[in-house]
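The structure under discussion appears below in the form of structure tokens.
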Amino acid sequence: MKAEADRPPSTVHLPLFPLSTWLYPGIPLSLQIFERRYLDMLAEQSKCNEGFGIVPIRSGREVGKAPGIYPIGVEVRMTDWHQLPNGVLGITVKGERKFRVFETEVRDDQLMLADVGFLHEDPPTQIPEQYEGLSELLRQLKEHPATVTMDLPEPDNSADLGYQLSQLLPLSAQEKMRLLGMANPLERLDVIAHKIGQLSQD
């Protein structure tokens with residue numbers, strides 16, 4: 001967590017959904033909801049037409065007691081829902097704004113809530129020609145059967161390209177967190193290109 005002195009003058013109180021899966025802005029994600037705390041959360045947020053936050057888990061598990069989390073997450077909104085054959089609620093959410101977690105609380109039902117400050121959005125920078133190789137890599141990754149079902153949109157700027165590659169590439173938790181926290185989309189692409197170069201040499 002950031003020091004209290006770094007806390008912005010205004011924060012938003014947001015319910016959190018910790019996941020072992022990472023999520024970046026602009027990325028759709030399918031979830032299966034069966035725990036009462038999250039079913040109640042979705043009902044409450046739907047009434048207010050508000051989103052909730054997805055944060056990556058640092059320690060612990062997705063079910064049961066509230067886990068330890070990383071300090072940066074992504075606000076999401078539900079775009080679709082349906083009842084699955086097994087009776088579980090299936091929903092689709094889409095990543096929107098990034099936020100930093102400043103203070104958390106855990107309710108009796110283990111639902112985690114937090115005071116968060118939204119981070120500046122990446123500027124809509126065009127994809128430079130030097131990153132055409134990354135664009136081609138993304139096209140190849142999208143052809144994988146497990147990725148096709150994600151229905152990722154076509155990236156039309158550097159931020160989209162960087163976020164989608166960050167989502168799909170097999171990176172460490174520290175690397176994924178670093179990429180999520182970056183504010184410069186071209187710097188993010190530079191880091192990804194350097195990492196791919198390292199992987200190709202292994």
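To keep it simple, each residue is scored yes or no on (1) at pLDDT below 95; (2) surrounded by 11 or more Cβ atoms within 10 Å (Cβ to Cβ).
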{"site": "Glu121", "(1), (2)": "yes, yes"}
{"site": "Pro124", "(1), (2)": "yes, yes"}
{"site": "Pro145", "(1), (2)": "yes, no"}
{"site": "Met150", "(1), (2)": "yes, yes"}
{"site": "Pro153", "(1), (2)": "yes, yes"}
{"site": "Ala159", "(1), (2)": "no, yes"}
{"site": "Leu180", "(1), (2)": "no, yes"}
{"site": "Glu187", "(1), (2)": "no, yes"}
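For the subset of segment 40-73 comprising residues that are in a loop (DSSP other than H, G, I, E, B) and aliphatic (A, V, I, L, M), which member is surrounded by the fewest Cβ atoms within 10 Å (Cβ to Cβ)?
Val63
Select, from Asp80, Asp109, the only residue that is without any contact (Cβ under 8 Å) to a residue 24 or more places away in the chain, surrounded by 11 or more Cβ atoms within 10 Å (Cβ to Cβ) and assigned by TED's automatic domain parsing to the domain that holds Leu16.
Asp80
Of the numbered conditions (1) under 15 Å from the mean Cα position of the chain (by Cα); (2) more than 30 Å from Pro123 (Cβ to Cβ), Trp22 fails exactly one; give the number of that condition.
(2)
I'd like to check something: does segment 9-21 contain any residue that is in a loop (DSSP other than H, G, I, E, B), without any contact (Cβ under 8 Å) to a residue 12 or more places away in the chain and closer than 28 Å to Lys142 by Cα?
Within segment 9-21, not a single residue is in a loop (DSSP other than H, G, I, E, B), without any contact (Cβ under 8 Å) to a residue 12 or more places away in the chain and closer than 28 Å to Lys142 by Cα.
Tally the residues that are over 13 Å from the mean Cα position of the chain (by Cα), modelled with pLDDT of 90 or more and hydrophobic (A, V, I, L, M, F, W, C), restricting the search to segment 44-80.
1
Tell me yes or no: at least one residue of segment 46-66 is under 30 Å from Pro155 (Cα atoms) and hydroxyl-bearing (Ser, Thr, Tyr).
Checked against the condition, which is being under 30 Å from Pro155 (Cα atoms) and hydroxyl-bearing (Ser, Thr, Tyr), segment 46-66 yields at least one hit.
Would you check if Leu29 is under 17 Å from Tyr163 (Cα atoms), assigned to a strand (DSSP E or B), in contact (Cβ under 8 Å) with a residue 40 or more places away in the chain and among the aliphatic types (A, V, I, L, M)?
So Leu29 fits the description; yes.
The values are calculated or read from the model by the stated rules, or taken from the named source; none is laboratory data. Source: prediction; values computed, not measured. Reconstructed Cβ throughout: ideal geometry from the backbone, glycine too, with neighbour counts over all protein chains shown.
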